[in-house]
Amino acid sequence: MNEPPRQLTLAQWDERHARLAAAGLREPAYGGRLGRHFEDGDRRLSRLKFDNSPAALRLWNFLLSEEERLFAARDAGKKIVGTMKDLGTVPVMAWSLPEVVAFYPDGAWWIPCVMELDDRLLAVADSLGVNESFCPVRAMLGAFATKTKFPTPDLLISSVGATCDDFSAIAQRVEGLGHPILWWEIPHRREPELDEEAVDLPGNADLLIGSGEKSPLRRVAFPRLRAPRSQVEFVHGELERIRAALEDLAGRKLTDAMLADGIAIANENRRALAELRRVVFTAPLAPLPSLELLIAEMLIIHFCSDRAECLEVLKELLAEARRRVENREGHFSLDAARVFWVNPVADLRVMNLLEACGGRVCGTDYLFSHALDEIPEALPPMESLARSALADPMAGPARDRAGRILAEMALFGAEAIVVSRIPGASHCATEGEVIAREARRRGWPVIEIEVPPVSDALSPQIAGRLEALVETVKARRSR
Amino acid sequence: MIAVGIDAGSRAIKIVLLDGESREVVAAGQVDQGIEQERLAMDLLERLLAEAGLARESIKSVIATGYGRNLIGVADRTVTEITCHARGVRHQAPHARTIIEIGGQDSKLIRLDARGAVQDFAMNDRCAAGTGRFLEVVAGRLGDGLNGLGKLAARAGEAATISSMCVVFAETEIIGLLAAGTPPESIAAGVQATIASRVCAMAGRRVDEPVVFTGGVALIPGMREALSTRLARPVETVPDPRMTGALGAALIAMK
Amino acid sequence: MVRIPVGEVTYTSPYIPAEWIEAHGLRARRMLPRLAANDGLDHLSGLCPYARAFLGECNRSAGPFIFVTACDQMRRLAEFAERPAFVFNMPSTCETTASLRLYVGELRRLSEFLIDLGGHSPSRDRLIEIMLDHDRIRRALREARGAMASPPYARALAGYFENGQAFVVPPSGGLKPVGVPLALIGSPVMASHLDLFDTVEKAGGAIVLDATASGERSLPGNLDRRDLTGHSDPLFALAGLYFEIPSAFRRPNAGLFRYLGAELKQRGVRGIVFRTCLWCDTWRAEAERIRHWPGLPMVELDVADEPAPGGSALTRLQSFLEMLQ
């Protein structure tokens, strides 16, 4: 069933699927031809290129069947919780209750891309006065207004405060449509004052890289994230409000033991993803393309509405990546420019474009790096979750985020940065500049691009920048 | 043997023929961009070869650059404008550390290291307010050609403030300024200052000298001075700055 | 090391009580910033003009500034400040005691910053005295509202913000606002845009309710002297007043709509001038809701990077008022 790595079009995948099925490919219930999603309206798939492994097939099918899974959960009597904005903390709590399914309404961001605007979610948002001056997450407002993309949640929870104004403003409009929201505050993370107790946050571990044989061992220092005890306690208190709301919804206690189990399972997913990122980003040849890695990273926020299956999907991808590395197989050429990618793109096609221009992704920061780090298991669970929430890159200064990006660049051997500005997102004006400034200070080439949900008309310009970046990287190598 | 650089830009196709041994320009020319750009490029190439008395077989290599580079079938390879402008400027002004290129539809800022290699770059290809297109719109509104606009600006006592970030709104603003009796000279100077401001914004706070200005807009009187004022640094131009990208492509083709 | 007292602390958010800074022996300057040409900030493309103006003021000034995290741009601006800056964590949530406690905690942290600048720890009596002074000024300002034309009233408010306790309420002159009664809602008005109030008058209207963050909406409510009796810390009373200031960024922002509902009705407002800064998502998202919710005609004005309101604003306002008349 294994073929040398290559990227397939949708039509090619359907042909391959037929061959695999004939050869006895075993798939989960949501498996099948990728083409069926196109026939159901996911038109963008016909313009994407996909990895040819069965693991990637499973990943895509898992992603594209989430809507069905959510409606099935509702039919099965599960309570559905929309966990908004915090990208990785509240879902862990919600999933700790067996009666509850958590999902990520913000994920509607990609629907206009995947459906090439046929979904009309952006048009609906426009009609509600939330136009293109807002970030693509405005599609979420359209989704709540049309009630077609996911079941109406039994409970909506959204973080606010040190988050992003676009999201907060749009979520407020969602509430105005008659969907009450439990707002919880995430304060702007700051350094402890001299007289305050400092608490270490997850993601602090320095890493040793290099084999010690061919490449010397060296330490990559990650910026030490800390917060004052008072902020951790405040967030802890906010999470207790959420615990109470979840208990009301489920009609049972959400005990520390249940939370500890939930954290352990979340960590298992996070470890699998961390290893997948390490294997893919450090391999000489890319064992998986950047698009599949982007999707895999997104799963970690909310497990794509099936926590156990999410782990299996990630494990299969990891096994495939390892197999390819061992066989010295991979995509693209050995001299592909190694690019660190900052911020998710609204149009998935741009990830293919980078590779077509001679680059590959070796490191990412999609604005939820705190969800990639393990939640401490040695501490009381609510304390751990509070610390994890405060490590959110959006909650802290942009220079902390830049620090981690530069550390990961060193870890993964990236040679340049693409800062993908999110159209309309007000935080990009300042964050992108800080990241670019810090990177240039260390001598890395940086480009900024802006990618709308359907970027076809801008493809030549975006490709021009990406190609120029690749040329610059290669010219620097030869010096 | 001849090395050919073709810069298929958004407004014009420029071609440079370079002698592979002497590195001298044998012929150079340009033609307005059109729908059939490959045919236009081939016609221009044939014309330049004929003028220089060269046969097609004398061509060793062809590099295409510019917005339409992927549509030039005769090219052996494509290279982006960033790399080509950097290479062209390195040939014409080896000491340059910063390149500002303003073309018809986009503008670029390129930082070079001490050896003339690209360190980093920024581009504006979405907003016309930092491009030659803005000047064209204004020249049309003031009823003067592009060169006339530059001469007009040179006579201005004070530059008018044009604040809109969008060319469309800026045009409305200009109508308002004309209605309010603002002299066209001030408006022209204000537009040049606005373009300079938009372009310099790409540089952030770091601009290494010497600064070299290329692209078709570098030929317009007053623009170099406007950039120099905005950057508070001297800005140089190169001979025939329209051809720098094509020259760079030809130099790369020589390799 | 000799500590040189710094006399003045500058900020622009309504959530920083001037009383608290003054009780530390420092001058509180709540600034309505001015956009300046050549501010060196062109590279921050996508920055809201108000945030840009404030950062420009900070980088041109010699004194300390306070940045308040009420929006995501202001939250990060301190990273671009070229002088000491304090980032004040303003909670968005407003319906829990935990948020109020966080706010009080931030005021206490600010106190340490002010002391580091050369201020002194505030005494209870001095704080109460200053709170009463401010309360008196604000009551006088509210009373003057119906007896002043809107341009001088807007400037009087700006004068109070700029001078704090030292401000003297100007005589009203007994002139009532003349023109179609309008409400101004949306992003705060910069000092360089205060002519907007004159422009509205010129077009035949009068701003009888300035519900921007630079207007009356940003004045805390009247002080209840009973809150100052006994041994309770007056800081709680002060924090309680300022924490209640309604705004679009509070979550939920029902308090803003309660405030607008009551004031629009009480003042007989016939139309709304809704004015938002480019990139101000918080207000822009509410535009459609405000257009439909009170059932009043509304005109929208955008604020970009222009140093002063452009002629198009006058044309738009004139058309709007012709429609209302």
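The values are calculated or read from the model by the stated rules, or taken from the named source; none is laboratory data. A quick note: this is a predicted structure, and the numbers were derived from the prediction, not measured. Neighbour counts run over all protein chains shown; Cβ positions are idealised from the backbone, glycine included. These accessible areas exclude ligands, DNA and RNA; they are computed on the full protein's heavy atoms, side chains included. Shrake-Rupley method; radii C 1.70, N 1.55, O 1.52, S 1.80 Å.
Against chain C, whose longest principal axis is taken from its Cα atoms, helix C:254-266 shows a tilt of about 50°. Taking every protein chain into account, the accessible area of the range B:76-126 amounts to 32 square angstrom per residue (probe 1.4 Å). Return one number: the angle in degrees, 0 to 90 and rounded to the nearest 10, between the long axis of the Cα atoms of helix C:49-60 and the longest principal axis of the Cα atoms of chain C. For helix C:49-60, the angle is close to 40 degrees.
Peptide C:84-95 has a mean shielding of 4, counted as Cβ atoms of other protein chains within 10 Å of each residue's Cβ.
If I compute solvent accessible area with a 1.4 Å probe over the protein chains, what percent of it on the range A:417-470 is carbon and sulfur? Working shown, then result.
Details: 690 of 1380 Å².
Here carbon and sulfur together make up 50 percent of the probe-accessible area.
Take the cross-link list A:LYS79/A:LYS315; B:LYS14/B:LYS60; A:LYS149/A:LYS253; B:LYS14/B:LYS255 and give me the ones stretching past 26 Å between alpha-carbons. Correct reply: A:LYS79/A:LYS315; A:LYS149/A:LYS253. Mean per-residue shielding of peptide A:454-463 is 2, counting Cβ atoms of other chains within 10 Å of each Cβ. Averaged over peptide C:103-115, the number of partner chain Cβ atoms lying within 10 Å of each residue's Cβ comes to 1.
Computing the accessible area with a 1.4 Å probe over protein heavy atoms, can you report the carbon and sulfur percentage for the range A:224-381?
On the way: 2620 of 5050 Å².
Carbon and sulfur: 52 percent of the exposed surface of the range A:224-381.
Taking amide H positions as modeled 1.01 Å from N, with prolines and chain starts lacking one, the residues under 5 Å from C:THR93 and 5 or more places away or on another chain are C:ARG251. Contact order for the range A:3-140, expressed relative to its length and based on alpha carbon pairs under 8 Å spaced 6+ residues apart, stands at 20 percent. The alpha-carbon of C:LYS176 sits under 28 angstrom from the alpha-carbons of these lysines, leaving out residues fewer than 8 places away in its chain: C:LYS202, C:LYS265. Taking the chain by itself as reference, the range C:68-83 contains these residues with an accessible-area loss of 40 Å² or more in the full protein complex (1.4 Å probe, heavy atoms): C:ASP72, C:ARG75, C:ARG76, C:GLU79, C:PHE80.
The 3J(HN,Hα) values that the Karplus relation (6.51, -1.76, 1.60; θ = phi - 60°) gives for the range C:17-25 are, in residue order, x, 4, 4, 5, 5, 5, 5, 8, x Hz. Gly and Pro appear as x.
Here the scattering of the range B:104-255 is modelled by Debye summation over its C-alpha atoms, one equal scatterer each and no solvent; at q = 0.15, 0.18 Å⁻¹ the log10 of I(q)/I(0) is -0.77, -1.06.
When every Cα-Cα distance of the range C:207-325 is counted in 10 angstrom steps from zero, the calculated P(r) takes the values 11, 37, 31, 14, 6, 1 percent.
Debye-formula intensities of the range B:1-135, expressed as log10 I(q)/I(0) at q = 0.15, 0.18 Å⁻¹, are -0.76, -1.05 (one equal scatterer per alpha-carbon, no solvent). In this structure the amide hydrogen of B:ILE59, modeled in the peptide plane, comes within under 5 Å of the amide hydrogens of B:ILE2, none closer than 5 places in sequence on its chain. Short to long, the 5 Å bins of the Cα pair-distance histogram for the range C:1-159 hold 2, 8, 15, 18, 19, 17, 13, 6, 2, 0, 0 percent of all pairs.
When the accessible area of the range B:78-130 is split by element with a 1.4 Å probe, what percent falls to carbon and sulfur? Mind dumping the intermediate values first?
Values: 680 of 1490 Å².
Solvent-exposed carbon and sulfur of the range B:78-130 make up 46 percent of the total.
Ignoring ligands, DNA and RNA, how do C:GLU244, B:GLU171, C:GLU106 rank by accessible area with a 1.4 Å probe, largest first? Walk me through the numbers on the way to the answer.
Working: C:GLU244 130, B:GLU171 50, C:GLU106 5 Å².
Descending order: C:GLU244, B:GLU171, C:GLU106.
Chains A and B: buried accessible surface, both sides, probe 1.4 Å, rounded to 100 Å²?
Working: alone 18660 and 11530 Å², together 28530 Å².
Using a 1.4 Å probe on protein heavy atoms, the buried area is about 1700 Å².
Close amide-amide hydrogen proximity is noted between A:ALA337 and A:GLY359, A:ARG360, each under 5 Å apart and 5 or more residues distant or on a separate chain (H modeled in the peptide plane; Pro and chain starts excluded).
Looking at the protein assembly as shown, what % of its DSSP beta bridges pair antiparallel, to the nearest 5?
The antiparallel proportion sits near 30 percent.
Beyond 56 Å, the tail of the calculated P(r) for the protein assembly as shown holds 17 percent of the Cα pairs. Rg ratio for the range C:32-106: its Cα radius of gyration over 2.2 N^0.38 Å, N being its residue count, equals 1.22. Angle between the Cα long axis of helix C:124-144 and the longest principal axis of chain C, 0 to 90 degrees, nearest 10? Computed tilt is about 10 degrees.
Of the two radii for chain A, the radius of gyration is 0.94 times the Kirkwood radius, both from the alpha carbons; that is the Rg over Rh value. Per the accessible-area calculation with a 1.4 Å probe, the total area buried between chain B and chain C rounds to 800 Å².
Short-range pairs are left out: with C-alpha atoms under 8 Å and at least six residues apart, the relative contact order of chain A is 18 percent. Its relative contact order, with pairs defined as Cα atoms under 8 Å and 6+ residues apart, puts chain B at 24 percent. The range A:244-378 gives an Rg/Rh value of 1.06, both radii derived from C-alpha positions and Rh following Kirkwood.
I'd like to compare A:44-52, B:138-146: which one has the highest average count of other Cβ atoms within 10 Å, and what's the full order after that? Let's see the in-between values first.
Values: A:44-52: 20.8, B:138-146: 16.8.
So the order, starting with the most tightly packed, is A:44-52, B:138-146.
Would you mind giving the total buried accessible surface between chains C and A, with a 1.4 Å probe and ligands, DNA and RNA left out, rounded to the nearest 100 Å²? About 3400 Å² of accessible surface is lost on pairing.
Computed from phi, the 3J(HN,Hα) profile of the range A:276-282 under the Karplus parametrisation 6.51, -1.76, 1.60 (θ = phi - 60°) reads 4, 4, 4, 4, 6, 6, 9 Hz, with x in place of Gly and Pro.
Rolling a 1.4 Å probe over the protein heavy atoms gives chain C an accessible area of 38 Å² per residue.
Per residue, the range A:400-479 exposes an accessible area of 27 Å² to a 1.4 Å probe, with every protein chain left in place. Of all aspartates and glutamates in the structure, the ones whose alpha carbon falls short of 15 Å from that of A:LYS474, not counting any fewer than 8 places away in one chain, are A:ASP335, A:GLU355, A:GLU415, B:ASP113, B:ASP120. Here the 3J(HN,Hα) profile of the range A:318-332, calculated from phi with Karplus coefficients 6.51, -1.76 and 1.60 at θ = phi - 60°, is 5, 4, 5, 4, 5, 4, 5, 5, 4, 7, 6, 9, x, 9, 6 Hz, Gly and Pro shown as x. Packing here is the average count of other Cβ atoms within 10 Å per residue, and on that basis the peptides A:235-247, B:17-29, A:190-202, highest first, run A:235-247, B:17-29, A:190-202.
Over the range A:1-70, what number does the Rg to Rh ratio reach, with both radii from the alpha-carbon atoms and Rh per Kirkwood? Please list the in-between numbers first.
Details: Rg = 11.5 Å, Rh = 12.2 Å.
Ratio of gyration radius to Kirkwood radius: 0.94.
Over all distinct Cα-Cα pairs of chain C, the Kirkwood formula returns a hydrodynamic radius of 20.3 Å.
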